[in-house]
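**Q** Before we start, here is the structure in question, set down as structure tokens.
The values are calculated or read from the model by the stated rules, or taken from the named source; none is laboratory data. In this text, all values refer to a predicted model and were calculated from it rather than measured experimentally. No Cβ is skipped: glycine too gets one built from the backbone with ideal geometry, and neighbour counts run over all protein chains shown.
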Amino acid sequence: MKYRVYTDGACANNQAPGGQPGGWACVFVEGGSHSGAELATTNNRMELTAAIEALKHTEAGAPVEIYSDSAYVINAFLQNWFAGWERRGWKNVKGQPVENQDLWRELRRLANERQVSWVKVKGHAGDRFNEAADRLAVDAMNRLIASR
């Protein structure tokens, strides 16, 4: 079975120090969705988590198309940022540790176990599945905020 899944992350105030409430979601074109939230996070972490959770809901070896409006996620795979990170001992070009290493390593492991194609989509441009993922991520975040 081939999977087509749209992922998105959201964060209440990504510029605030110490992390803020955030949400993530993945919407499968063939049907079904998953979402969740964290209390202290960043938008990038939520974007990565959405892709991780999408892959966790597919079988190893399966062909999967991941659609995301996150250049951070898509470009890491399309431009193979991993080669430089590994060559430098998981440091960025400035010699600092790569942010979100825990999530990058998990996402890469899951992606390597599947046949993943990465597709960049424009956010908030009317794509019904991208809009649905955004809405679910924001709703998950807002439910968490309301429950505090």
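**Q** Condition (residue is more than 15 Å from residue 48 (Cβ to Cβ), surrounded by 11 or more Cβ atoms within 10 Å (Cβ to Cβ) and without any contact (Cβ under 8 Å) to a residue 40 or more places away in the chain) applied to the stretch 114-130: is it met by at least one residue?
**A** Checking the stretch 114-130: not a single residue is more than 15 Å from residue 48 (Cβ to Cβ), surrounded by 11 or more Cβ atoms within 10 Å (Cβ to Cβ) and without any contact (Cβ under 8 Å) to a residue 40 or more places away in the chain.
**Q** Can you find a residue that is modelled with pLDDT of 95 or more, among the β-branched types (Val, Ile, Thr) and within 23 Å of residue 20 (Cβ to Cβ) anywhere in the stretch 72-87?
**A** Yes; the residues of the stretch 72-87 include at least one that is modelled with pLDDT of 95 or more, among the β-branched types (Val, Ile, Thr) and within 23 Å of residue 20 (Cβ to Cβ).
**Q** May I pose another question? Condition first: within 17 Å of the chain's Cα centre (by Cα), closer than 15 Å to residue 145 by Cβ and either part of a loop (DSSP other than H, G, I, E, B) or in contact (Cβ under 8 Å) with a residue 24 or more places away in the chain (or both). Now tell me which residues in the stretch 10-32 satisfy that.
**A** 10, 11, 12, 14, 19, 21, 22, 23, 24
**Q** Let me ask another. (1) within 14 Å of residue 136 (Cβ to Cβ); (2) crowded, with 16+ Cβ neighbours inside 10 Å: which one isn't true of residue 32, the others all being true?
**A** (2)
**Q** Continuing with the same structure: Filter the stretch 38-54 down to residues that are buried (at least 24 other Cβ atoms within 10 Å of the Cβ) and hydrophobic (A, V, I, L, M, F, W, C) and give me whichever is nearest to residue 9 (Cα to Cα).
**A** Ranking the qualifying residues of the stretch 38-54, first place goes to 46.
**Q** In the stretch 78-87, how many residues are surrounded by 13 or more Cβ atoms within 10 Å (Cβ to Cβ) and either touching a residue at least 12 places away in the same chain (Cβ under 8 Å) or not in a helix (DSSP H, G or I) (or both)?
**A** 3
**Q** Taking the conditions exactly as written (in contact (Cβ under 8 Å) with a residue 12 or more places away in the chain and surrounded by fewer than 19 Cβ atoms within 10 Å (Cβ to Cβ)), does residue 65 satisfy them or not?
**A** yes
**Q** A further question on this structure: Just checking, which of 38, 47, 65 is touching a strand residue (DSSP E or B) at 6+ places or on another chain (Cβ under 6 Å), within 21 Å of residue 1 (Cα to Cα), of a type in the set (D, E, K, R) and not in a loop (DSSP other than H, G, I, E, B)?
**A** The conditions single out 65.
**Q** Mind telling me which of the residues 42, 58 ends up being within 12 Å of the chain's Cα centre (by Cα) and not aliphatic (A, V, I, L, M)?
**A** 42
**Q** Given the structure, is residue 139 acidic (Asp, Glu), in contact with a Gly (Cβ under 8 Å, 6 or more places away or on another chain) and either surrounded by 14 or more Cβ atoms within 10 Å (Cβ to Cβ) or in a helix (DSSP H, G or I) (or both)?
**A** Yes; evaluated as a whole, the condition is true for this residue.
**Q** Consider only pairs whose beta carbons are under 9 Å apart and that are at least six residues apart or on different chains; among these, list those whose first residue lies in the stretch 132-148 and is touching a residue at least 60 places away in the same chain (Cβ under 8 Å) and whose second residue is surrounded by fewer than 20 Cβ atoms within 10 Å (Cβ to Cβ) and assigned to a helix (DSSP H, G or I).
**A** none
**Q** Can you find a residue that is farther than 19 Å from residue 140 by Cβ and either acidic (Asp, Glu) or crowded, with 16+ Cβ neighbours inside 10 Å (or both) anywhere in the stretch 89-98?
**A** yes
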